[in-house]
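Down below is the structure, laid out as structure tokens.
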Amino acid sequence: MPATRTTSRSTKRAGTDSDKHKTITSSATIVVEEMQDLADCNIHYPSSESERKTFKTLDGKRVTPHQWAVYDFTRTIPCGRVTTYKDICVALGQGSPRSVGSALRNNPFAPFVPCHRIIASNMYIGGFFGEWGTGANARGGQKNTGLQCNRKMEMLAKEGVSFSVEGYLTDDSQLWIGRG
């Protein structure tokens, strides 16, 4: 299920009473909900081999073939579903869960490459923006506040994916395994 974007539109109505002593103005806000895929955005994503060979991130780094493979696969994960770091390795036939996490941590195409849809094999929320875990479960030293993983859970909640307070996927049917 895609995210819900709420937009509002104001309407005004003016009127007078029969004696024309006062003018009454009232307004109402109409709330319109439309579904939004968080990975639906206007980001240039190099698709040809020649574009990929010359592409550099904002830091001036090249993207490795393994990273391209991870990004390409991650783009296929449907909105409202998640997969694991390990399942990406198995589907690609290369790398390790850590190498997938590293590629996603350095993802220059977020949210077009929806790295927020990847979780740990034990169905835990996993990492986001270099942090691992939420609240008391946060790991990664003093800099890790767990706020980034909370942000990841909020993004997934907008897509209809829910987690327990402890950070575990609550509905296994939302796990997507994209193997051929």
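The values are calculated or read from the model by the stated rules, or taken from the named source; none is laboratory data. Quick caveat: nothing in here was measured; it's all calculated off a predicted structure. Don't worry about glycine lacking a Cβ; one is built from the backbone with ideal geometry, like all the others, and counts go over all protein chains shown. Note: accessible area is taken over every heavy atom of the protein model, side chains too, but ligands, DNA and RNA are not part of it. Shrake-Rupley method; radii C 1.70, N 1.55, O 1.52, S 1.80 Å.
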Tell me, which residue of region 111-122 that is without any contact (Cβ under 8 Å) to a residue 60 or more places away in the chain and surrounded by fewer than 19 Cβ atoms within 10 Å (Cβ to Cβ) is nearest to Thr170 (Cα to Cα)? Asn122
Residue under evaluation Gln94, criteria (1) open to solvent by 20 Å² or more (accessible area, probe 1.4 Å); (2) in a helix (DSSP H, G or I), criterion not met: (2)
Exception for Lys56 within (1) closer than 27 Å to Gln174 by Cα; (2) free of Cβ contacts under 8 Å to residues at least 24 places away in the same chain; (3) touching a Lys or Arg at 6+ places or on another chain (Cβ under 9 Å) falls at (1)
Is it the case, given these coordinates, that Thr83 is in a loop (DSSP other than H, G, I, E, B), closer than 30 Å to Lys53 by Cβ and either open to solvent by 10 Å² or more (accessible area, probe 1.4 Å) or modelled with pLDDT of 90 or more (or both)? no
Looking at region 134-171 only, could you name the residues that are of a type in the set (S, T, N, Q) and either modelled with pLDDT of 90 or more or part of a helix (DSSP H, G or I) (or both)? Asn137, Gln148, Asn150, Ser162, Ser164, Thr170
Has region 64-72 got any residue that is under 24 Å from the mean Cα position of the chain (by Cα), among the β-branched types (Val, Ile, Thr) and modelled with pLDDT of 95 or more? yes
